[in-house]
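The values are calculated or read from the model by the stated rules, or taken from the named source; none is laboratory data. Note that the coordinates shown come from a computational prediction; the quantities given were computed from them, not determined experimentally. A quick note on method: Cβ atoms are made from the backbone with ideal geometry, for glycine too, and the neighbour counts reach across all protein chains shown. Side chains are part of the model used for accessible areas, which takes the heavy atoms of the whole protein and leaves out ligands, DNA and RNA. Shrake-Rupley method; radii C 1.70, N 1.55, O 1.52, S 1.80 Å.
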Amino acid sequence: MDNADEEILKSMLEKEHQSVSSSRPKKRTVIDLSREEGHNRLSNDYFSENPVYTDIQFRKRFRMHRHVFLRIVAALGAHDEYFQMRIDATGKMGLSPLQKCTSTIRMLAYGSPADSVDEYVRIGESTSVECLERFVRGVNVVFGAEYLRKPNNTDVEHLLQMGESRGFPGSNNDINVLNQSNVFNDILEGHAPTMNYTINGTSYNMGYYLADGIYPEWATFVKTISMPQGEKRKLFAQHHESARKDVERAFGVLQSRFAIIRGPARA
């Protein structure tokens, strides 16, 4: 073998060695997140007897009152052991329910990436995503029967009282998600809750909703008069446009508090 052949063989061996080296799995970097430290910091800041931050600051950052947040944490812990304090395979305490729920709420409130609170809460990116998914499923299961149900007779009576106090007897107020509303599906099928009220001496047994021009021309929608002529029509338009539409207002508040509602989810 001459010098040229030796150089070719040497070059081939070097390339093969480089190929084998690059195909080997890289060693995973293990970072000690000091989860206990993250839990203690979080507890001292918001959940101790004398927290660092006030109730006003808590509500601003968590988008809800402290007692509401703690109620959710307790309910999820009773529903899913994932939200309970557990010991991992190494004998160390795992992430606390406060850490997991705080990470999730921050993602929902700010629309932030999964690793945005890692350095404060001490929770990894993949764990944050898992927390978010379990949190959403758990809240739906635990609270769905109470908050995602159709209005019952008591709810309807309460809505009627509110509408009448604002000058619109029989009003169920405005609603936003028309094409996904079980309420309007029932109305179209003739299964609306029974209600009785009188306007100008005429009795009615089906409620109506204050709405604006974007809604269909259905009898159940009462819209304002765009160019009212005469004192009576002007007065009606004035009262209609000034009446607070609770569902619309509530949805606006949710949009301002939770970025996850304003834009598409990035999970």
(message) Out of the residues in the range 120-141 meeting the condition of being open to solvent by less than 50 Å² (accessible area, probe 1.4 Å) and of a type in the set (G, A, S), tell me which one is modelled with the highest pLDDT.
(response) G138
(request) Among the numbered conditions (1) in contact with a helix residue (DSSP H, G or I) (Cβ under 9 Å, 6 or more places away or on another chain); (2) assigned to a loop (DSSP other than H, G, I, E, B), tell me where A89 comes up short. (result) (1)
(message) Being assigned to a helix (DSSP H, G or I), at pLDDT below 80 and among the β-branched types (V, I, T) narrows it down to one residue among V253, V247; which is it?
(response) V247
(message) Residue pairs, Cβ under 8 Å, 6 or more apart or interchain, first in the range 56-80 and open to solvent by less than 30 Å² (accessible area, probe 1.4 Å), second not in a helix (DSSP H, G or I). List them.
(response) F58/P51; F58/H65; G77/Q84
(message) So P51 passes all but one of these: (1) open to solvent by less than 30 Å² (accessible area, probe 1.4 Å); (2) not in a helix (DSSP H, G or I). Which condition number does it fail?
(response) (1)
(message) I'd like to verify a number: residues in the range 76-91 that are hydroxyl-bearing (S, T, Y) and more than 17 Å from T104 (Cα to Cα), how many?
(response) 1
(request) Can you run down the residue pairs with Cβ atoms below 8 Å, 6 or more apart or on separate chains, where the first is in the range 222-246 and over 19 Å from S171 (Cα atoms) and the partner is open to solvent by 50 Å² or more (accessible area, probe 1.4 Å) and outside any helix (DSSP H, G or I)? (result) S226/G213
(message) If I go through the range 106-119 residue by residue, how many of them are surrounded by fewer than 22 Cβ atoms within 10 Å (Cβ to Cβ) and out of contact with any Leu (no Cβ under 8 Å at 6 or more places or on another chain)?
(response) 9
(message) Just the residues that are at pLDDT 80 or above, open to solvent by less than 90 Å² (accessible area, probe 1.4 Å) and under 27 Å from N196 (Cβ atoms), please, taken from the range 219-234.
(response) F221, V222, K223, T224, I225
(message) Please verify whether G144 is more than 27 Å from Q255 (Cβ to Cβ) and either open to solvent by less than 70 Å² (accessible area, probe 1.4 Å) or part of a loop (DSSP other than H, G, I, E, B) (or both), treating the condition exactly as stated.
(response) no
